[in-house]
Each structure stands twice: as structure tokens, then as C-alpha cells.
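The values are calculated or read from the model by the stated rules, or taken from the named source; none is laboratory data. The structure presented is a predicted model; accordingly, all values stated were derived computationally and were not measured. Positions of Cβ are backbone-derived with ideal geometry, glycine not excepted, and every protein chain shown enters the neighbour counts. Calculation scope for accessible area: heavy atoms of the full protein, side chains included, ligands and nucleic acids excluded. Shrake-Rupley method; radii C 1.70, N 1.55, O 1.52, S 1.80 Å.
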Amino acid sequence: AVLKDGLRSQVSAALKEGQVTPTELCQRCLALIKSTKFLNAYITVAEETALKQAEESEERYKRGQPLGILDGIPIAVKDNFNTAGIETTCASNMLKGYISPYNATVVQKLLDQGAVLLGKTNLDEFAMGSGSTDGVFGPVRNPWSYSKQYKEKSVPKSHSEDEESNWVITGGSSGGSAAAVSSFTCFAALGSDTGGSTRNPAAHCGVVGLKPTYGLISRHGLIPLVNSMDVPGILTRCVDDAAVLLGSLAGHDPKDSTTIQDDFKPFELPNLTDVSKLSIGIPKEYHAPGLSSEILALWSKAANLFKNAGAKVVEVSLPHTPYSIVCYHVLCTAEVASNMARFDGLEYGHRSDKKDSTESMYAATRREGFNDVVRGRILSGNYFLLKQNYEKYFVKAQKVRRLIANDFVKVFRSGVDILLTPTTLSDAAPYTEFIQEDNRTRSAQNDILTQAANMAGLPAISVPTALSERGLPVGLQFIGRSFQEKQLLTVAKWFEKQVQFPMIQLEEVKRHDNGVFQHQKSASFS
């Protein structure tokens with residue numbers, strides 16, 4: 001039962017009072033990882049390390065000296081964060097077998113506070129994708145594909161069709177982390193968010209996904225995709241837990257010059273009762289092509305919820321939003337081309353056997369190590385960075401990025417506190433449908449509502465809101481002012497309490513598991 005409780009209020013208290021031990025908690029999560037292996041959420045499960053960390057935590061509790069709220073709490077980390085002694089692959093042949101000599105700052109901070117690292121989660125190769133389907137270890141399956149809610153609503157097209165062909169994607173690229181949290185194999189997980197890679201899978205998997213303000217959390221040890229937009233993301237089952245993780249991770253890091261200089265003070269979220277002083281902005285440009293009527297209706301319903309509670313709800317304009325996805329593509333591929341240059345087979349990672357010359361070995365290594373998606377983005381990025389194209393594409397995209405960021409500044413200066421938007425255009429697509437289109441098309445469609453926040457460096461959170469007609473989760477997104485995470489999370493917590501997102505009911509899946517899935521509460525521990 002403790003698996004469904006909140007970190008701050010219940011799990012930490014249960015550990016302190018000895019109702020459950022860190023080792024028991026760890027063993028239960030490891031057992032769930034094994035029984036939900038078919039979800040493919042994890043690339044590496046660090047069972048021995050986790051049990052050792054849990055034992056050390058248990059000793060601290062016996063002495064009455066826990067390191068804090070996270071002591072003994074099982075967590076998972078996306079496999080593009082460096083972890084000392086545990087393989088870091090980025091779901092790519094290029095880094096298969098690579099073991100980092102150091103921990104990413106965020107990983108070290110969690111370990112320093114006694115968290116138990118269960119393993120590394122699956123993703124799109126080098127986090128390039130929006131479905132968690134393009135990694136070398138195979139696609140991640142959405143736990144909701146096996147829920148009672150989805151099964152009752154989905155009608156097989158034929159008698160022989162079953163969940164093998166009917167399962168839906170998690171979204172991406174942090175799909176493994178979202179699936180891990182959603183299926184109760186851990187209490188929280190780290191993702192990364194460059195264009196929506198934490199919020200997108202959070203919406204599809206019915207969990208909370210937080211992208212903090214750029215510079216609030218250190219990127220040191222996060223294998224870079226787009227340095228100017230990458231942010232470590234937080235995935236939890238309720239907003240309060242996201243605040244706990246944020247308080248543990250935020251703050252200056254001398255190893256990352258882009259982090260804030262000021263000290264960050266962790267905060268406990270208040271229970272908001274009066275929203276009458278709030279101004280909620282509804283950006284009209286987010287009524288984007290392809291937005292499903294179901295999500296549009298849910299968005300309107302959420303706006304009315306605030307309005308009826310006394311908040312001021314106003315339509316606002318972010319006029320450069322329609323250009324953002326094209327702008328993002330240019331900047332993203334340009335930085336990818338630069339970042340991927342380090343994978344040359346000379347220092348670490350995969351090295352080809354072709355040794356005719358350094359150049360041929362270098363070329364063969366990259367051909368063998370990267371998939372088509374990564375190679376395609378490298379080619380695009382290098383094209384945009386050519387001397388004759390630099391001004392025309394890269395510099396122009398930077399100017400458009402500034403206009404997009406200024407749109408947000410103007411809206412927030414007008415008195416708007418928080419922006420309310422959809423997170424995704426629709427609920428999760430079946431895998432067989434999703435793979436019909438190429439990665440770039442899918443990413444352009446799925447990032448359209450999320451990546452503008454990355455371009456502007458703003459904090460944003462996806463909160464699970466309701467189930468679609470197909471019985472799948474749908475999330476809505478809140479975007480806040482820079483470094484105003486407390487206000488953003490407080491509003492998100494109020495909204496979470498109003499909507500009362502239902503529990504996931506994971507039923508027996510005999511083909512995959514001899515046991516029976518426990519009916520655990522999903523959206524909210526606390």
C-alpha cells in the first residue's frame with residue numbers, strides 16, 4: 001500500500017516509523033520491474049547496487065539519522081544521465097557498454113540524499129524522438145495499454161487481435177521514465193526536456209512532468225542534445241512529489257556555468273484555496289492544426305474551472321508561435337551536429353574495426369554507431385551551419401527564437417500569471433499507427449505545444465487531467481514565469497486536486513506475468 005503514498009507526507013513518515021524498511025520498499029519495486037519487464041521501460045536494472053543503497057539507508061533509519069525526505073526512496077534515471085559504475089547508453093550502439101567515471105550532478109544530489117537508484121530507463125536514441133520508439137533496445141510500451149480502463153474501451157478489429165498489436169506508445173523521449181513511474185516500479189524518475197521530452201510522455205502516461213526554468217537545475221553529466229534548451233525533467237505521480245524532487249535538485253553548480261548563482265530554497269507547496277487573484281492566460285495560437293476536439297473540449301473545461309473558481313481567464317496572443325517548430329528544427333539540428341562530433345570512436349564508445357585510415361575508421365564508427373534519425377539530424381545541422389547557409393538559417397532562427405521569447409515576456413508583463421495550454425494534440429497513438437510516419441514528422445507534430453517553453457527557457461508542467469474516450473490519459477500544460485516554480489506548482493497542485501485524475505487499474509496479464517498486478521492509485525500519492 002505504501003507504493004501509492006506521497007513522498008513528503010506518507011512514505012517518508014512510514015520509513016521513519018518503521019512501518020516499512022528501505023530494503024522492503026526496494027525489493028517490492030524490483031519485483032514490479034521484473035513483472036512489468038514487457039513494458040521495456042528499463043535498459044539497465046542495477047539490482048545489487050540498489051539493494052546495497054537500501055541497506056545503507058536502513059542503517060541510517062535505525063540510527064535515527066535519515067538524510068532527508070528522499071532517504072530510502074526508489075528512483076529511476078533516464079539513460080542519458082551519466083552514472084558512475086552503471087552503464088550509460090543513450091539507447092544507442094555508439095555507447096553500448098560505456099560506463100561513466102562520474103555521476104551527473106542531479107544523480108549525485110539524489111544519492112547524497114539517500115535515494116535508491118533502481119536503474120536506467122529507456123528512451124529514443126540520444127533523446128531524439130517523441131515516442132520512445134527509436135532506441136536500439138526497442139520501443140517502450142505505455143502501462144495504460146494494459147489497464148482496465150483502456151481494455152474496456154478498445155474494441156479489437158479482429159478476433160485474433162490482442163494487446164500485442166493494440167498497445168499504445170508512451171510518448172518521448174523520456175518514455176521509459178514515464179512508464180516506470182506510471183507502473184509503480186519507482187516513486188520518481190528523471191527525464192530530460194529539450195522540446196517537451198518530459199511533459200509529452202507524462203501526458204500520455206498519466207503522470208506529472210515538470211520542466212524547470214533553464215538554469216535552475218544543473219545539466220552537468222546530462223549527455224547533451226541541444227545545450228541551449230536541455231533541462232533535466234522530473235516525473236512523479238503527484239505535484240507535491242515534483243516539488244520535493246525540485247527542492248533536492250535545484251541550485252548553483254560550479255560545473256555548469258549556465259546554472260543560477262543564487263541559492264535555491266526548497267519549498268513546501270501551500271494548499272491554495274483562493275484563486276481569485278490569479279490571471280490565467282489562454283494562448284489562441286495553441287489551438288493548433290491537428291488538435292483533437294476531445295482535448296480542445298478538455299482545455300475549455302479547465303479554463304471554465306478556473307473562471308468559476310474566481311480566477312481571471314483571458315485570451316492572449318503569442319504571435320510567433322507558428323514559426324517556432326521550424327525555428328526549433330534549425331537550432332536543434334545545428335546543436336546536435338556540434339554535440340555529436342565528440343562520438344568519433346577514438347576516446348570512448350563504439351569503435352569500428354575498419355582501420356584503413358583514421359578518417360575511414362571515424363566514418364565507419366559513426367555509420368555503425370548512430371541510427372538513421374541521429375545521422376539525419378547531423379546532416380541537417382551541418383547543412384544549416386555551412387558558411388553560405390549560416391546567416392540564412394542559423395542566425396535567422398536565433399532572431400526568431402528571441403521574438404518567441406519576447407512574446408512570453410509581453411504576455412507575463414500584461415498581468416498574466418500562468419498560461420494554460422494542451423500538452424499534446426491527442427491521447428497516445430497505437431504503436432502500429434505511430435511508426436507509419438518518419439521521426440522528423442512525428443517530432444514536429446508532437447512537440448508543437450511544448451517546445452516554445454524550451455525556446456524561451458520557461459518552467460512548464462504537464463498535469464494528468466482526464467481519460468479520453470479510449471480510456472487513455474490526457475494532460476494539460478501550465479507555463480509559468482522564469483524562476484517562479486513555486487507559483488507554477490501551487491496552481492498545478494490546486495488544479496490536480498480539482499480534477500481528481502483516476503487511478504490506473506493494471507489487470508492480470510498472464511502472458512507476461514504469473515502474478516497479478518496490484519490495483520494501485522496512480523495520479524496522486526498524497
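May I ask you to give the average projected area over all directions of the convex hull of the Cα atoms of region 239-290, in nm² rounded to one decimal? All intermediate terms of the calculation are to be shown ahead of the outcome.
On the way: hull surface 28.3 nm².
One quarter of the hull surface, i.e. the mean projection, equals 7.1 nm².
What are the ³J(HN,Hα) couplings of region 144-153, residue after residue, when phi is run through the Karplus curve with 6.51, -1.76, 1.60 and θ = phi - 60°? Round to Hz, x for glycine and proline.
Going residue by residue, I get 5, 4, 10, 8, 4, 4, 6, 5, 5, 8 Hz, with x marking Gly and Pro.
By a straight-distance test (C-alpha under 15 Å), which aspartates and glutamates pair with LYS120 as possible cross-link partners, with residues fewer than eight away in the same chain excluded?
GLU47, GLU48, ASP79, GLU87
Please work out how much length the chain gains when fully extended from LYS355 to ASP256, using 0.36 nm per residue of separation minus the C-alpha to C-alpha distance, in nm with one decimal.
On the way: separation 99, 0.36 × 99 = 35.64 nm, distance 3.67 nm.
Fully extending the segment from LYS355 to ASP256 adds 32.0 nm.
To the nearest 10 square angstrom, how much accessible area does SER192 have with a 1.4 angstrom probe?
10
Beyond 18 Å, what share of the Cα-Cα pairs of region 174-282 remains, rounded to the nearest whole percent? Numbers along the way, then the final one.
Values: 3146 of 5886 pairs.
Result for the distance tail: 53 percent.
Calculate for the chain the 222 nm mean residue ellipticity that helices alone would give, adding -39,500 (n - 2.57) per DSSP H run of length 4 or more and normalising by residue count, nearest 500 deg cm²/dmol. If you can, show how the numbers build up before the last one.
Details: 18 runs with 188 residues, N = 526.
After summing the helix terms and dividing by the residues of the chain, the value is -10500 deg cm²/dmol.
Going by average Cβ density within 10 Å per residue, which order do the peptides 236-248, 492-504 take, highest to lowest? Please list the in-between numbers first.
Values: 236-248: 26.1, 492-504: 19.8.
The peptides rank, most packed first, as 236-248, 492-504.
Region 344-426: percent of C-alpha pairs farther apart than 22 Å?
Working: 2000 of 3403 pairs.
Considering region 344-426, 59 percent of its Cα-Cα pairs are separated by more than 22 Å.
Tell me the label-point distance for the pair GLU433, VAL326, using the 7 Å Cα-to-Cβ offset, in nm and rounded to one decimal.
About 2.8 nm separates the two model spin labels.
Tell me, what is the FRET efficiency for TYR98 and GLU164 to the nearest 0.05, using R0 = 35 angstrom and their Cβ-Cβ distance as r? Present the calculation step by step, with values, prior to reporting the outcome.
On the way: r = 33 Å, r/R0 = 0.93.
About 0.60, to the nearest 0.05.
Here is the link list: LYS16/LYS37; LYS52/LYS265; LYS37/LYS148; LYS284/LYS399; LYS34/LYS497; LYS354/LYS387. Which ones come out longer than 26 Å on Cα distance?
LYS16/LYS37; LYS52/LYS265; LYS34/LYS497; LYS354/LYS387
Set the Förster distance to 60 Å, then compute FRET efficiency between SER293 and LYS52 from the Cβ-Cβ distance, nearest 0.05.
For SER293 and LYS52, the calculated efficiency is 0.70.
For region 303-458, go through all pairs of different Cα atoms, get the mean of 1/r, take its inverse, and jot down that Kirkwood value in Å.
Values: mean 1/r = 0.0535 Å⁻¹.
18.7 Å is the Kirkwood radius here.
Give the ranking of VAL416, VAL326, VAL373 by solvent-accessible surface, highest area first, calculated with a 1.4 Å probe.
Working: VAL416 5, VAL326 95, VAL373 30 Å².
Listed by decreasing accessible area, they come as VAL326, VAL373, VAL416.
Once amide H atoms are built 1.01 Å from N in the peptide plane, which residues 5 or more positions from ALA466, or in another chain, come under 5 Å H to H?
VAL474
Rounded to two decimals, what ratio of Rg to Rh does region 244-334 give with C-alpha atoms and a Kirkwood Rh?
On the way: Rg = 18.7 Å, Rh = 17.2 Å.
The Rg/Rh ratio comes out at 1.08.
Using only alpha carbon positions, build the gyration tensor of region 12-80, then give the equivalent ellipsoid semi-axes as the square roots of 5 times its eigenvalues, largest first, whole angstrom. Write down the numbers at each step before the final one.
Numbers: eigenvalues 116, 29, 20 Å².
With the √(5λ) rule applied to region 12-80, the semi-axes are 24, 12, 10 Å.
Please state, rounded to one decimal and in Å, the Kirkwood hydrodynamic radius that region 381-452 gives when every pair of distinct Cα atoms enters the mean of 1/r.
Details: mean 1/r = 0.0652 Å⁻¹.
Final number for the Kirkwood radius of region 381-452 is 15.3 Å.
Region 95-217: Rg/Rh from Cα coordinates, Kirkwood Rh? Write down the numbers at each step before the final one.
Working: Rg = 16.0 Å, Rh = 15.7 Å.
Using Cα coordinates only, the ratio equals 1.02.
For region 428-496, state the average projected area of the convex hull of the C-alpha atoms over all orientations, rounded to one decimal in nm².
Over every viewing direction, the Cα hull of region 428-496 projects on average to 5.6 nm².
Which order, highest average first, do 475-485, 337-347, 170-180, 122-132 follow once you tally other Cβ atoms within 10 Å for each residue and take the mean per peptide? Let's see the in-between values first.
Details: 475-485: 23.1, 337-347: 16.4, 170-180: 36.0, 122-132: 29.5.
Highest-to-lowest ranking by the protection proxy: 170-180, 122-132, 475-485, 337-347.
Over all directions, how big on average is the projection of the convex hull of the alpha-carbon atoms in region 169-232, in square nanometres? Mind dumping the intermediate values first?
Values: hull surface 16.7 nm².
Average of the hull's projected areas for region 169-232 equals 4.2 nm².
Tell me, what HN-Hα J-couplings in whole Hz come from the Karplus equation 6.51 cos²θ - 1.76 cosθ + 1.60 at θ = phi - 60° for each residue of region 471-488, using x for Gly and Pro?
x, 10, x, 10, x, 10, 10, 10, 10, x, 6, 3, 6, 9, 4, 4, 5, 4
If you wrap a convex hull around the C-alpha atoms of region 265-394 and split its volume per residue, what is the figure in Å³? Write out the running numbers ahead of the final one.
On the way: hull volume 29.5 nm³, N = 130.
Output value, Cα hull per residue: 227 Å³.
For the chain, take every pair of Cα atoms, bin their distances at 20 Å starting from 0, and report each bin as a whole percent.
For the chain, the binned pair fractions read 24, 59, 17, 0 percent.
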